Structures are given as C-alpha cells and as structure tokens.
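In what follows, a structure is listed as structure tokens, so that the remarks can point back to it.
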Amino acid sequence: MSTPSTLVQVTDLKVHFPIYQGVFRRQVGAIKAVDGVSFSIYKGETLGLVGESGCGKSTTGLAILQLQALTGGQINFNGQDIAGIDESQMRKMRRHMMMIFQDPYSSLNPRMTIGGIIGEPLSVHQIGTPQERAERVQELLRLVGLNPAFINRYPHEFSGGQRQRIGIARALATNPSFIVADEPISALDVSIQAQVVNLLDDLKKQFGLTYLFIAHDLSMVRYISDRVAVMYLGKVMELGSRNNVFDSPLHPYTRALLSAVPVANPKKERARQRIILEGDVPSPANPPAGCRFHPRCAFATQECRAQVPELRNLSTQGKPEHWVACHHAEKLA
Amino acid sequence: MTTTIAKLEKIRPESLWSKAWKRFLRHKLALFGLSVMAVLLFTAIAAPVLTPYSPIKQDLRNLRKAPTAEHMLGTDGVGRDILTRVLHAGRISLSVGLVSVSISALVGIVIGVAAGYVGGKTDMLLMRLTDMVMTFPSLVIIITVAAATGPSVYNAMLIIGLLTWPSIARLVRGQFLSLRTQQFVTAARSIGVSNWEIAFKHIFPNTISSITVAITFGMATSILMEASLSFLGLGVPPPTPSWGNMLRDAQSMNILEGMPWIWLPPGIMIALSVLSINFIGDGLRDALDPRSLL
Ligand SMILES: Nc1ncnc2c1ncn2[C@@H]1O[C@H](COP(=O)(O)OP(=O)(O)OP(=O)(O)O)[C@@H](O)[C@H]1O
Ligand code: SF4
Ligand SMILES: [Mg+2]
C-alpha cells in the first residue's frame with residue numbers, strides 16, 4: 001500500500017465553552033469540551049471516533065466543519081488552513097465537506113419538501129440549472145434507496161430510517177470529498193441500523209468518500225472504520241488501525257471500553273474479563289491534572305497524577321501507526 | 001426525463017396547508033366560530049343595503065321605541081334604528097380590530113425577529129423595550145393620548161396596535177431562539193446557507209403557525225379593547241357607531257333595567273365576535289400544531 005495522503009489534519013484543536021455566573025455574568029471557568037486534539041484523516045478512509053457521552057466527539061466534528069467556533073488549534077482541509085477563516089469564504093468550501101446528523105427528526109426542516117431539502121446544497125452553491133437539480137435530486141433519492149417520486153413530500157411522512165437516508169442524500173448532493181457522520185444510526189431501530197451503515201459503506205466505496213464516523217456503538221465502529229480514535233474528556237487517548245485498537249488495545253481506558261462489549265467467539269467470550277470503571281467521568285470544566293484518566297485507572301502512579309501523557313506512536317517501523325497517550329503503555333502491552 | 005417529472009407532478013401529495021385545513025374542518029367549535037364570523041362580516045359589509053335607515057340621522061319622534069316591525073331592534077335615545085347602528089358598528093369595530101391587530105403583528109414580528117435573529121445587545125435592548133410597553137399602565141397612556149389628540153377611529157387603531165405588539169414580539173423571539181438550536185438549522189449552516197437565508201427560509205416559516213394563532217387571539221383582544229375604549233369615550237367618537245360606544249349610551253339605570261334593546265344587541269355582537277374568534281383560534285392551534293409535522 002502506498003503512503004496514504006492526508007485529507008484532514010487537525011492540530012491541537014481546542015473548544016472551550018465559557019461558564020458564566022452571577023448577576024454580572026462573569027466568566028468563572030470553561031467547559032473544556034475539546035482540549036488539545038490532534039489527528040489526521042487520510043483520503044478514502046473511515047476514521048471512527050468513539051468515547052463515552054460528553055467526551056467531546058460531536059464538538060470535535062462540528063469544529064472541524066467550522067460549525068463551532070474554535071478556542072485554538074489548526075484545521076487543514078486538503079492543503080488549506082480553514083481554522084477561523086471568515087464565514088463567507090468558508091461557505092464556499094462547504095460543498096466539499098458535509099455532515100450527517102444524529103437526529104433524523106430535527107435535522108430535516110419540517111416545512112420543506114424532500115426535494116427542497118436534498119436540492120438545497122445544489123442551489124446554495126449554484127450547481128446546475130433548476131431542471132438539472134431536479135434530476136440530480138431524483139438520482140440521489142435512488143442512490144440512497146428511496147423512491148424518486150417522494151420529491152414533493154414532507155419529512156413527517158417518513159420513518160426514522162427513511163429520514164436518515166434523506167439526510168444522507170442531502171450530504172451527498174454536491175459530491176463532497178469529506179463527510180462527518182455524527183452518530184448517524186444511534187437514533188434508529190436496531191433492525192435498521194445495519195442497513196444504514198451498509199448504505200454509508202457502499203456510498204463510500206462508490207464515490208471514494210472520506211468519513212469521520214462518530215459513534216459510541218463499538219461493534220458498529222469496528223465494522224465500518226479503517227482506523228479508530230478513542231476520546232476521553234476532550235482528549236484522544238488512543239488512535240490506530242481498527243485491528244490494533246480492537247485486538248491489541250494499549251490504553252487502559254480503551255481496554256475498559258472494549259471489555260464491556262460482548263464478543264461473538266464463545267471461547268474469547270468466556271475469557272473476556274469485564275474491567276469495571278470506578279467512579280464517574282469527571283467534569284470537563286475541571287479535568288484531573290496529569291493523565292485525565294488517572295482517578296479511574298487501575299495502573300495510575302505518581303507520574304500519572306503529575307504529568308500529562310503525550311500521544312506517542314508505539315508501533316515499530318513499517319507497521320501501521322498506533323498512537324497512545326499513556327505513560328505506562330509499553331509495560332501494559 | 002421530462003416525462004418522469006410530469007408524472008411526479010401528478011402524484012404530488014397535498015400541501016401542508018390543505019392538510020391543516022382538513023384538521024381545522026374536524027374542529028366543530030372552530031367551524032361554528034368561522035360561520036358566525038362569516039355572517040358578522042357579511043352583515044357588516046352589506047349593512048347599508050340591509051336596512052333602510054341611516055345610522056346617524058336622528059329621529060326625534062321615535063325616541064327609545066321598543067322593537068316593532070319597522071324598527072326590529074327598537075330605537076335609541078335620539079331615535080336611531082338600533083339594528084342599523086349595530087350593523088354599521090360592526091364595520092367600525094371589526095375594522096378597528098383588524099387594523100390594530102395588523103399593526104400589532106407587524107411591529108411584533110419585526111421586533112421579535114430582530115431580537116431573536118440578531119441576539120446579543122440588540123436582543124437585550126428590544127426585550128427591555130418590550131417589557132416596558134407590556135408593563136405600561138395602558139389606561140393612563142390611552143387617556144393622555146386621547147386627551148391630547150382627541151378621540152378618533154384612527155387613534156384607537158394606533159393605540160391598540162401599539163399596546164398589544166409585545167406578546168407577539170415575545171412569541172416570535174422565543175420561537176426563533178428555540179428553533180435556532182434545532183439540528184436542521186445546523187444542517188443548513190453545514191451546507192453553506194447564509195445567515196440571512198437561515199432566518200427567513202428555515203426559521204421564519206416554522207414560526208408562521210404560532211404567529212397565525214397569536215394574531216387570531218390578538219384580534220379578539222383588540223375588539224374587546226376597542227369596546228372598552230369607546231365605552232369610556234376614548235375610542236370611536238359619536239355619532240359614528242361602534243359596539244363599544246353604543247354600550248356607552250346605556251349607562252343609566254332605567255335603560256339597563258327597562259330598555260334592554262338598547263344595550264343587548266351591541267353586547268351580544270361583542271360577545272359573539274370575541275367568542276367565535278377565540279373558537280377559530282383554538283381550531284387553528286390544533287390544525288397548525290407543529291408537532292403534527294414531526
Ligand atoms: N454549546 C455548548 N455550550 C456549553 N457546553 C457544551 C456545548 N456543547 C457541548 N457542551 C459540553 O461539551 C461537552 C462535550 O459535548 P459533546 O456534545 O461534544 O459530547 P459527545 O461526545 O458528542 O457526547 P454524546 O455522545 O452525548 O453526543 C459536554 O460536557 C457538553 O455538555
Ligand atoms: S497514564 Fe497512567 S493513569 Fe493514564 S492511563 Fe496510563 S497508566 Fe492510567
Ligand atoms: Mg454527540
């Protein structure tokens with residue numbers, strides 16, 4: 001395999017939400033939703049982003065697309081630095097990078113027809129004539145497995161799964177190269193989840209798309225991702241190829257997460273030991289010093305409490321990169 | 001391709017409005033209200049041809065006559081036919097209601113959209129203004145303005161409109177703020193829709209049903225306000241009849257007790273119009289419920 005080229009490069013991304021208090025609305029602190037995240041997304045891959053609720057996955061996705069103001073950091077998209085560029089310039093870039101949303105109900109404007117919704121990116125970016133747009137919308141409907149005759153209907157006439165397909169068609173309309181999918185299946189019935197994931201996977205192959213796939217369902221992430229990043233409290237804890245992260249996790253947090261997932265292989269399933277995480281996730285307004293995971297980590301030492309572990313590549317030469325942010329990863333491996 | 005599009009047009013399903021209309025038709029009280037309103041509007045518009053009398057010409061030979069075949073609802077203190085006056089009064093009272101609710105809606109929508117869309121300092125200033133107008137002792141203002149400019153139909157419209165917009169402004173602002181956090185707004189931003197278009201293409205259409213309902217109830221309020229103002233002599237000045245100033249003629253005890261034909265008709269008209277508009281409002285609220293679109 002040739003060296004993959006980078007489509008999206010995120011460097012030291014920070015998103016802090018100020019907390020105001022009192023009559024004078026003084027800022028008393030900040031929720032550090034994303035606090036120094038760096039990773040690359042290669043052309044044509046699916047990068048899975050996992051982690052517990054509230055660890056900053058959605059905020060990361062929104063920040064990459066400049067839908068959330070950054071506190072700091074750089075975002076490089078296809079060779080161009082887009083962090084903090086002005087909105088009118090950013091709007092022109094948006095045809096190349098789209099988003100699929102979690103909630104199939106609130107993500108479609110109830111007053112617009114399906115044709116209006118899917119065709120909007122085309123009219124916003126002035127692609128084609130009205131006639132060509134109408135044809136493209138029908139083509140997109142067919143592509144996501146819906147009847148092109150639905151074009152004049154309204155969202156409330158559709159089921160959750162169908163609506164999610166409409167959202168996918170909207171994201172595909174301008175032929176983007178990059179799509180952030182923020183938990184695109186977690187609001188759907190289990191029976192429909194697999195269909196939608198397969199659709200996303202097919203579309204990726206067909207159009208050479210690159211995905212940032214945010215989820216907390218680990219088995220789904222394992223199924224669809226090429227590489228996986230594990231987040232905890234606003235930081236990336238581990239990042240590597242799917243097989244590395246799932247089969248030989250290096251970070252104690254990743255191990256704890258994975259140990260909660262049942263395995264299909266009965267032998268392995270019997271051998272599986274659940275690592276119960278002690279305590280709650282600390283508040284992102286006041287994250288623990290040193291390693292953020294230390295209050296809940298069974299291997300924590302003095303060093304862990306004092307020093308923030310850097311994200312280090314532990315793979316040997318020639319093997320796929322395997323990044324981990326733990327002082328003791330080698331010893332635990 | 002054109003043939004498929006032609007085919008698609010044929011199976012075009014009903015619009016959101018025709019669905020809402022169907023839901024409205026199921027609402028019996030609203031239908032009743034709508035029919036009553038239709039009759040009231042018709043009789044108001046057709047008033048000059050429905051009775052042979054003038055609403056203002058006095059007839060001193062026929063003072064306070066009880067209903068007869070000639071004067072079906074009797075006559076008032078200066079001999080004018082009550083039926084004629086009550087129908088003509090409908091023109092004035094309903095127009096005052098309509099015009100003042102339009103003023104109120106216009107001001108309310110502009111201020112509400114500005115506050116909800118721009119946010120920040122603009123929002124804060126506009127909302128303080130709204131609170132101020134809402135807590136104004138309205139009677140004091142009305143008396144002052146009426147004393148300064150003299151009562152007139154136009155002043156009544158203006159005063160009512162300028163005192164009732166805050167509830168619409170608040171409603172619109174609240175809707176903007178809550179709709180702004182919906183994912184479809186983030187989705188619109190994500191595909192590159194401009195802020196301006198987000199406000200007017202994505203958010204505003206979703207506020208129209210609540211605004212429609214609010215305007216309907218606002219109309220009832222305006223009619224009642226006109227009646228109170230005119231009753232106090234601060235609204236529509238005589239001899240032009242309005243339901244409110246017709247009631248004003250019935251302030252003495254012996255008229256109240258002995259001559260119900262003088263005050264009952266305008267009283268009934270006020271009650272009937274306010275009630276039926278409120279029924280229509282209830283029906284619209286159910287028919288336009290945004291949850292029906294989820
Ligand atoms: N607009 C905001 N204002 C203030 N705090 C916010 C805002 N958006 C998110 N947060 C906070 O930032 C943190 C990260 O939120 P985020 O939505 O990114 O988490 P997530 O990983 O996507 O979680 P989930 O799995 O529940 O979607 C949370 O603590 C959340 O409360
Ligand atoms: S750095 Fe220390 S506390 Fe953090 S995960 Fe590694 S061992 Fe645990
Ligand atoms: Mg999320």
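The values are calculated or read from the model by the stated rules, or taken from the named source; none is laboratory data. Being a predicted model, the structure only gives us computed values, none of them experimental. Neighbour counts run over all protein chains shown; Cβ positions are idealised from the backbone, glycine included.
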Discussion item. If I filter region A:187-236 down to residues being of a type in the set (V, I, T) and within 16 Å of ligand 2 (Cβ to nearest atom), which single residue comes out as nearest to the chain's Cα centre (by Cα)?
Written reply: A:V230
Worksheet item: List the pairs whose first member sits in region A:241-252 and is more than 19 Å from A:E45 (Cα to Cα), whose second member is surrounded by fewer than 24 Cβ atoms within 10 Å (Cβ to Cβ), and whose Cβ atoms are under 6 Å apart, counting only residues at least 6 apart or on separate chains?
Response: A:P249/A:R255; A:P249/A:L258; A:L250/A:A329; A:L250/A:A333; A:P252/A:C297; A:P252/A:F299
Worksheet item: So, in region A:127-161, of the ones that are touching a residue at least 40 places away in the same chain (Cβ under 8 Å) and in a helix (DSSP H, G or I), which residue ends up farthest from B:P290 (Cα to Cα)?
Response: A:L143
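Residue by residue, here is whether (1) touching a Cys at 6+ places or on another chain (Cβ under 8 Å); (2) modelled with pLDDT of 95 or more; (3) under 21 Å from A:L188 (Cβ atoms) holds:
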{"position": "A:T46", "(1), (2), (3)": "no, yes, yes"}
{"position": "A:S53", "(1), (2), (3)": "no, no, yes"}
{"position": "A:Q68", "(1), (2), (3)": "no, no, no"}
{"position": "A:T71", "(1), (2), (3)": "no, no, no"}
{"position": "A:D81", "(1), (2), (3)": "no, no, no"}
{"position": "A:S88", "(1), (2), (3)": "no, no, no"}
{"position": "A:Q102", "(1), (2), (3)": "no, no, yes"}
{"position": "A:I118", "(1), (2), (3)": "no, yes, yes"}
Discussion item. Checking the conditions here, which among A:L239, A:L258, A:L277, A:L332 is modelled with pLDDT under 90 and away from ligand 2 (no atom under 13 Å from the Cβ)?
Written reply: A:L258
Worksheet, complete the sentence: Of those in region A:41-84 that are closer than 13 Å to A:I179 by Cβ and β-branched (V, I, T), the residue farthest from the other protein chains (Cβ to nearest Cβ) is A:T46
Item to complete: With a cut-off of at least 3 residues that are under 20 Å from B:L106 (Cα atoms), name the helices (runs of 4 or more DSSP H) lying wholly within region B:161-267.
Response: B:208-231
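Please determine whether any residue of region B:278-294 is free of Cβ contacts under 8 Å to residues at least 24 places away in the same chain, within 14 Å of chain A (Cβ to nearest Cβ) and assigned to a loop (DSSP other than H, G, I, E, B). Show your work before the answer.
Looking only at region B:278-294, we keep the residues that are free of Cβ contacts under 8 Å to residues at least 24 places away in the same chain, and these are B:291, B:294.
In the following step, the residues that additionally are within 14 Å of chain A (Cβ to nearest Cβ) were identified as B:291, B:294.
If we keep only those that are assigned to a loop (DSSP other than H, G, I, E, B) as well, we get B:294.
Yes, region B:278-294 contains at least one residue that is free of Cβ contacts under 8 Å to residues at least 24 places away in the same chain, within 14 Å of chain A (Cβ to nearest Cβ) and assigned to a loop (DSSP other than H, G, I, E, B).
Name the residue, out of B:T135, B:T122, that is modelled with pLDDT of 90 or more, surrounded by fewer than 18 Cβ atoms within 10 Å (Cβ to Cβ) and under 30 Å from B:S167 (Cα atoms).
Numbers: B:T135 fails: modelled with pLDDT of 90 or more.
Exactly one of B:T135, B:T122 is modelled with pLDDT of 90 or more, surrounded by fewer than 18 Cβ atoms within 10 Å (Cβ to Cβ) and under 30 Å from B:S167 (Cα atoms), namely B:T122.
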Fill in: Single condition B:M219 does not satisfy, out of (1) surrounded by fewer than 21 Cβ atoms within 10 Å (Cβ to Cβ); (2) more than 8 Å from chain A (Cβ to nearest Cβ); (3) not β-branched (V, I, T)
(1)
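Just name the residue that is nearest to ligand 3 (Cβ to nearest atom) out of those in region A:37-68 that are in a strand (DSSP E or B) and surrounded by fewer than 18 Cβ atoms within 10 Å (Cβ to Cβ). Steps first, please.
So in region A:37-68, the residues in a strand (DSSP E or B) come out as A:37-42, A:46-50.
Checking the rest, the ones that are also surrounded by fewer than 18 Cβ atoms within 10 Å (Cβ to Cβ) come to A:38, A:42.
Working: A:S38: 20, A:Y42: 23 Å.
Among those that are in a strand (DSSP E or B) and surrounded by fewer than 18 Cβ atoms within 10 Å (Cβ to Cβ), it is A:S38.
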Response to the item:
Of the residues in region B:237-251, those that are within 12 Å of B:R91 (Cα to Cα) and either among the aliphatic types (A, V, I, L, M) or surrounded by 18 or more Cβ atoms within 10 Å (Cβ to Cβ) (or both) come to B:P241, B:S242, B:W243
Item to complete: Would you check if there is a residue in region A:121-130 being among the polar types (S, T, N, Q) and more than 10 Å from chain B (Cβ to nearest Cβ)?
Response: yes
Worksheet item: Before we move on, is A:V180 among the β-branched types (V, I, T) and farther than 30 Å from A:G79 by Cβ?
Response: no
